[in-house]
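**Q** Below: one structure in structure tokens.
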Amino acid sequence: MKQSIFIIKENIALTHDVWKMVLEGDTSEITRPGQFVNILLDGLYLRRPISVHDAEDGVLTLIYKIVGVGTARMSEMKPGHSLDVLTGLGNGYDVTRAGARPLLIGGGVGVPPLYMLAKQLCAAGCEVTVILGFRSARDVFCKEAFEALGARVLVTTEDGTYGTRGFVTGVFDEAGDYTYTYSCGPEPMLRAVYNASGTSGEYSFEERMGCGFGACMGCSCKTLYGNKRICKDGPVLVKEEIVWEK
Amino acid sequence: MKQSIFIIKENIALTHDVWKMVLEGDTSEITRPGQFVNILLDGLYLRRPISVHDAEDGVLTLIYKIVGVGTARMSEMKPGHSLDVLTGLGNGYDVTRAGARPLLIGGGVGVPPLYMLAKQLCAAGCEVTVILGFRSARDVFCKEAFEALGARVLVTTEDGTYGTRGFVTGVFDEAGDYTYTYSCGPEPMLRAVYNASGTSGEYSFEERMGCGFGACMGCSCKTLYGNKRICKDGPVLVKEEIVWEK
Amino acid sequence: MGEVTNKLAVSLCGIDMDNPIIPASGTFGYGYEFADLYDINMLGTFSFKGTTRQPRFGNATPRIAECPSGMLNAVGLQNPGVDAVIAHELPKMRAVFTKPVMANVSGFSLDEYIEVSSRLDAEDSVGWIELNISCPNVHGGGMAFGTCASSAESVVRAVRDVVKKPLIVKLSPNVTSIVEIAKAVEAAGADGVSLINTLLGMRIDLRRRKPLLANVTGGYSGAAVFPVALRMVYQVAGAVKIPVVGMGGVSSAEDVIEMMLAGATAVEIGAENLRNPWACRDIIQALPDVMDKYGIDSLASIIGAAQP
Amino acid sequence: MGEVTNKLAVSLCGIDMDNPIIPASGTFGYGYEFADLYDINMLGTFSFKGTTRQPRFGNATPRIAECPSGMLNAVGLQNPGVDAVIAHELPKMRAVFTKPVMANVSGFSLDEYIEVSSRLDAEDSVGWIELNISCPNVHGGGMAFGTCASSAESVVRAVRDVVKKPLIVKLSPNVTSIVEIAKAVEAAGADGVSLINTLLGMRIDLRRRKPLLANVTGGYSGAAVFPVALRMVYQVAGAVKIPVVGMGGVSSAEDVIEMMLAGATAVEIGAENLRNPWACRDIIQALPDVMDKYGIDSLASIIGAAQP
């Protein structure tokens, strides 16, 4: 973990409520896809955890949805503005377990962290299939970015206004044979993927956090191997340890 | 009273701890010298009352001393920054009572509001004498500004490093004959001036304020004519009503 | 305008209000200071400055200290006394505010509470009596009545006997169980409770190494106290049958809705008026859009919706 | 370094500390998480996560909610239980922290407080026992002991009999008179008191119209509670002879000094560690300059300087 100052280079809307922010700063602690950063915003007490969309050579890209006062404030920030950021948080995904044909499944704001994962897997020569689930056509983002990496992309929307109508699990057959499952999204989606997936896999969870680095026990969850902290021992849990509680 | 947005045009140090900020905005409610404005600063709960140094045609000039977190934050603001300001607060000085040769006495941060007063009095053809008291040579500011108005300026410093050594009352004899006394400064100075002055006069008081516009009774004081609110019925009290309490 | 009025309307102790927004006592004077700023008849009502039998200057200054997201005050019930309030302030208030007003009453003895309450109860312009048994900034009165269930009960019972208007009792948060006090005043005949008064707080001047306030301690208000206030409103609303007026750090239309979900029938706005003199107007104007955002058709319908 | 150490040094219940800075229980784990960030031996000491007899998962999530200048938590004493703390956590702590540590003990019964306290008292690494009779986030224990003088007195008396190390009792602010509780635990043999634990607060989710925390209410901490904490430290320090450890919203070297002027012998830092993991290091490093600014030669010399 490292605390450092990042400078906003770009901050643009991708959809009506999803924004992309590109920052420059020290990305050296971001070592795996699926990690997150924790951002201090003026006038707000708790830092805002945002998953890393991409990080390379001092350029950090975040894609975030406006869900509350913090992200709303972020969306109003101009290039040149500086932010106090904790980097290198969370365990992230393990790319070494992907096998030849990994399947990546993201829903809504669960899509962004899969990008850096797909990038590394494509670079490693995997045959990557990505399923992206959204509510409606106007919510779709990042499809082309994944395609540009060389991944095969299937999109579902709940109302059928783009791609296949329904949920991400509805296109598992179309996705074909796969060797490992990586997923990120709202808990009901993760659960559906968990049940539909025929392989082992890694699932990234969300929880309200206090600190984001393992100190406060604010985001604990039970696993088959004891209590874990989503922020420090997660956010990625392997399929074999997950306990569905709610 | 009016709430409006002002844009900072200039913000520069006059001494080691006194700054001058020039803002553009709606100055129409500032009707008398000796009034103040009340500024909302990000992350601080209460507005900061700052006396008006000058206001004319949409240009507001404030001269403020760094005394706490609010004024420290103000000193870091860059031109172009916008501020939420309440204008037209306080009663201000009554220029019609000056007579031919008014004497103005300011100490430290009590100096700035006398500028707009001197400006109006000089313009009205009065023979204005200004006594400015500071701790030391490095604290002196605004002397030339008063002189440029055509006022005669006497400076005292407590340590004698500039002007006459001692307190403002030490140069009353040198000031000569005067028709009315206007004063602003720390309470011990006001009291000394009150006792030394041979004329009627107006004295501007400071107190910690809640609202700045008369609602909260945070800055009440006793006068011979009942309780008054420094923010609304003051900050200027006439000599004949003042009750020295402490 | 008709439709908006209906969406915001509530009824407090049998008196209909166009909306639940009430500037809190001590932050709104007698209203006329604010009447220059906007038409204060748009308010649900307002609670005027706490009134005692005798004129009071209050505490020495400094009376105000800043805090994170809030402020301390130790004004100490400055007011001109009930005679002057009736003779001078209420007529000036009446000239600019035509709705029933909430009369805030404080005191240092049972006698004083009884006398001031009955005097103000007789005024036509008064809609409700808000009995302040929780002022933290005076000694030997105020909060002393409100931090013990039995003394709270006796003062409310005595005042209940002499007032005809709805009697709302303003409660102190500086207690182990505000629910116990609320139940005691309900049993004593209160028509409603309002909470919370300020939290007792303090700041020290590092330079002088002395308390910043002349009164040593002061009442903490502002956004910082909102979570404590909300918890107490939720607990009290779940425990009594009389209406609860929620207050404590309410600063926005969202906060108003949160208080009402917790169980408040109406909502007082205090310290925020001091930062933004137009705060109550702004909140009333913002409410319809915020209600739409959260799918709320009528404020009256969400009172206590977050209760179990 | 020698001179700086002397300026900051204090003594708490007979144990010398290089400085008064103590990360508060529940915000610093067992220290080793922070040892990667800086040398935690620079701290005065720290208070480790509250320990119960049995392992506890704590409350359901969400356990955290943001507030103005603060946060709510309802963790609910998650900890691996006293056996695992002694077997696994303390050895890991010992590897990175060589000073006497403060052992925070919680419980749901007199028996449990006695057993856990005596077990931890026997550990060489433990310097003080901090008896938490004020956790607001568990039912049927914790705060229930700390909101009534007689039950507080009985639990302290029982634990006093079985521990040899200095016994510091952590008090709840959610009471009418914290002074009364402090006097009761002093009479029962406490060597010190620490205060305040969190203020009981709540938030409601406007979308779901339900409490934001799974536990409904939570403990409010952060800068927002500082004025309340300071007032209580000032009141308690003026009323008891045993040392007071001040905490509640302390976020800066200035806040530390303000707490000590009010009467605190040492100062715990809680929520600020969660915003800035280096907060305690930063505060220790800032203290000498801030002391110079206010003409303070030695922190020990200003304890209670603002008392009448």
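**Q** Defining the label point at 7 Å along Cα→Cβ, can you sort the distances from C:Ser298 to the same site in each other copy, shortest first, in nm?
**A** 7.1
**Q** Could I ask something else about it? If you place +1 on the Cβ of every Lys and Arg and -1 on the Cβ of every Asp and Glu, how big does the dipole about the Cα centre of chain A come out, in debye to the nearest 20?
**A** The calculation lands at about 420 debye.
**Q** Can you bin every Cα-Cα distance in region C:40-116 into 5 Å intervals starting at zero and give me the percent of pairs per bin, rounded to whole numbers?
**A** 3, 14, 20, 19, 18, 16, 9, 2
**Q** Take B:Leu40 and A:Glu10, extend 7 Å from each Cα along the Cα→Cβ direction, and tell me the distance between the two endpoints in nm.
**A** So the two model labels end up 3.5 nm from each other.
**Q** Please give the net charge around A:Gly99, taking every other residue with its beta carbon less than 13 angstrom from that of A:Gly99, where Lys and Arg add +1 and Asp and Glu add -1.
**A** -2
**Q** Across the Cα atoms of the protein assembly as shown, what radius of gyration and what greatest pairwise Cα-Cα distance (Dmax) are found, in Å?
**A** Gyration radius and largest Cα-Cα distance of the protein assembly as shown: 31.3, 102 Å.
**Q** Also: Using a 10 Å cut-off on Cβ to Cβ distances, tally the other chain neighbours for every residue of C:249-256 and report the average as a whole number.
**A** The per-residue average across the peptide is 1.
**Q** Provide the percentage of antiparallel DSSP beta bridges, counting only those with both residues in chain A; round to the nearest 5.
**A** Antiparallel: roughly 65 percent of the beta bridges in chain A.
**Q** Something else: Would you mind giving the mean number of other chain beta-carbons within 10 Å of the Cβ of each residue in D:51-63, as a whole number?
**A** For this peptide, the per-residue mean of nearby foreign Cβ atoms is 3.
**Q** Let me ask something else about it. Computed on alpha carbon atoms, what radius of gyration and Dmax characterise region A:2-89, expressed in Å?
**A** For region A:2-89, the Cα radius of gyration and maximum Cα-Cα distance read 11.7, 32 Å.
**Q** Averaged over its residues, how many other protein chain Cβ atoms are within 10 Å of peptide D:287-298's Cβ atoms?
**A** Per residue, the average neighbour count from other chains is 1.
**Q** Right, here's the next one. Any chance you could check the Cα centroid distance between region A:44-79 and region C:251-308 for me, in angstrom?
**A** If we compute the Cα centre of each part, the gap is 29 Å.
**Q** Positive end of the dipole of the protein assembly as shown, charges at C-beta (+1 Lys, Arg; -1 Asp, Glu), about the Cα centre: which of D:Gln54, A:Pro49, C:Ala152 has its Cα farthest in that direction?
**A** My answer, from the dipole projection, is C:Ala152.
**Q** Let me ask another. Over 5 Å intervals from 0, what percent of Cα-Cα pairs in region A:95-206 sits in each interval?
**A** For region A:95-206, the pair-distance distribution reads 2, 14, 27, 27, 21, 8, 2, 0.
**Q** Mind listing the phi-derived Karplus ³J(HN,Hα) values for region B:126-137, rounded to whole Hz, using 6.51, -1.76 and 1.60 with θ = phi - 60°, and x for any glycine or proline?
**A** Per-residue couplings from phi come out as 6, 9, 9, 10, 10, 10, 10, x, 9, 6, 8, 4 Hz.
**Q** What does the net charge come to around C:Phe108 if you take all other residues with beta carbon closer than 14 Å to its beta carbon, with K and R at +1 and D and E at -1?
**A** Residues near C:Phe108 contribute -1 overall.
**Q** Still on this structure, please answer the following. With +1 on each Lys and Arg Cβ and -1 on each Asp and Glu Cβ, how big is the dipole of the protein assembly as shown about its Cα centre, in debye rounded to the nearest 20?
**A** 1060 debye
**Q** Could you work out [θ]222 nm for chain D from helices alone, using -39500 (n - 2.57) per DSSP H run of at least four and dividing by all its residues? Round to the nearest 500 deg cm²/dmol.
**A** Value at 222 nm, helices only: -9000 deg cm²/dmol.
**Q** Equivalent ellipsoid semi-axes for chain D, as square roots of 5 times the alpha carbon gyration tensor eigenvalues: give them largest first, rounded to whole Å.
**A** 26, 22, 21
**Q** OK, next. Mean residue ellipticity at 222 nm from the helices of chain A, using -39,500 (n - 2.57) per DSSP H segment of n ≥ 4 over the full residue count, to the nearest 500 deg cm²/dmol?
**A** Mean residue ellipticity, 222 nm, calculated: -4000 deg cm²/dmol.
**Q** Sorted by mean Cβ packing within 10 Å, highest first, what order do the peptides D:7-16, D:122-131 take?
**A** D:122-131, D:7-16
**Q** Once both labels are modelled 7 Å past Cα along the beta-carbon direction, what's the A:Lys78-B:Glu56 spacing in nm?
**A** Spacing of the two 7 Å Cα→Cβ label points: 3.1 nm.
**Q** In Å and on Cα atoms, what radius of gyration and Dmax does chain B show?
**A** Answer for chain B, Rg first and Dmax second: 17.0, 49 Å.
**Q** Using r as the Cβ-Cβ distance of A:Arg165 and A:Glu240, and R0 as 30 Å, what FRET efficiency do you calculate, to the nearest 0.05?
**A** 0.40
**Q** Hey, how many Å between the Cα centroid of region A:187-236 and the Cα centroid of region B:102-121?
**A** 66 Å
**Q** So, one more: By a straight-distance test (C-alpha under 23 Å), which lysines pair with A:Lys228 as possible cross-link partners, with residues fewer than eight away in the same chain excluded?
**A** Candidates past the 8-residue exclusion: A:Lys2, A:Lys239, A:Lys246, D:Lys49, D:Lys92.
**Q** While we're looking at this one, here's another question. Would you please report the Å³ per residue occupied by the convex hull of the alpha carbon atoms in region D:145-295?
**A** 144 Å³
**Q** What ranking, highest mean first, results for peptides B:20-29, D:284-293 when packing means the other Cβ atoms within 10 Å averaged over each residue?
**A** Ranking, from highest mean packing down: B:20-29, D:284-293.
**Q** Take a quick pass over region C:125-268 and tell me how many lysine pairs come in under 30 angstrom between Cα atoms, counting only ones 8 or more apart or on separate chains.
**A** 7
**Q** What is the projected area of the convex hull of the Cα atoms of region D:21-76, averaged over all directions, in nm²?
**A** Value for region D:21-76: 5.1 nm².
**Q** Which FRET efficiency, nearest 0.05, do D:Asp161 and D:Val290 yield, Cβ-Cβ r, R0 45 Å?
**A** Between D:Asp161 and D:Val290 the formula returns 0.60.
**Q** Sort shortest first the distances from C:Ser151 to its counterpart in every other copy, using label points 7 Å along the Cα-to-beta-carbon line, and give them in nm.
**A** Inter-copy label distances (nm, one decimal, shortest first): 2.4.
**Q** Measuring from a point 7 Å out along Cα→Cβ, what nm distances, shortest first, does D:Ala239 have to its partners in the other copies?
**A** 2.1
**Q** Also, quick follow-up: At a 10 angstrom cut-off on C-beta neighbours, averaged per residue, how do the peptides B:102-113, B:234-245 rank from highest to lowest?
**A** B:102-113, B:234-245
**Q** How far apart, in nm, are two points set 7 Å out from the Cα along the Cα-to-Cβ line at B:Arg152 and at A:Glu158?
**A** Label at B:Arg152, label at A:Glu158, 8.2 nm between them.
**Q** Given Cβ point charges of +1 (Lys, Arg) and -1 (Asp, Glu) and nothing else, what value in debye, to the nearest 20, does the dipole of chain D about its Cα centre take?
**A** 1040 debye
**Q** Over all alpha-carbon pairs of region B:144-243, lay out the pair-distance distribution in 5 Å bins, whole %, shortest bin first.
**A** 2, 12, 18, 20, 18, 12, 11, 7, 1
**Q** When chain C is treated as a GNM, springs tying every alpha-carbon pair under 10 Å, which of C:Gly270, C:Gly107, C:Gly238 comes out with the largest mean-square fluctuation?
**A** C:Gly238
We did not get these values from a lab; they are worked out from the coordinates using the rules stated. Nothing here was measured: the structure is a model prediction, and the numbers come from that model. All Cβ positions, even for glycine, are placed from backbone atoms using ideal geometry, and neighbour counts span all protein chains on display.
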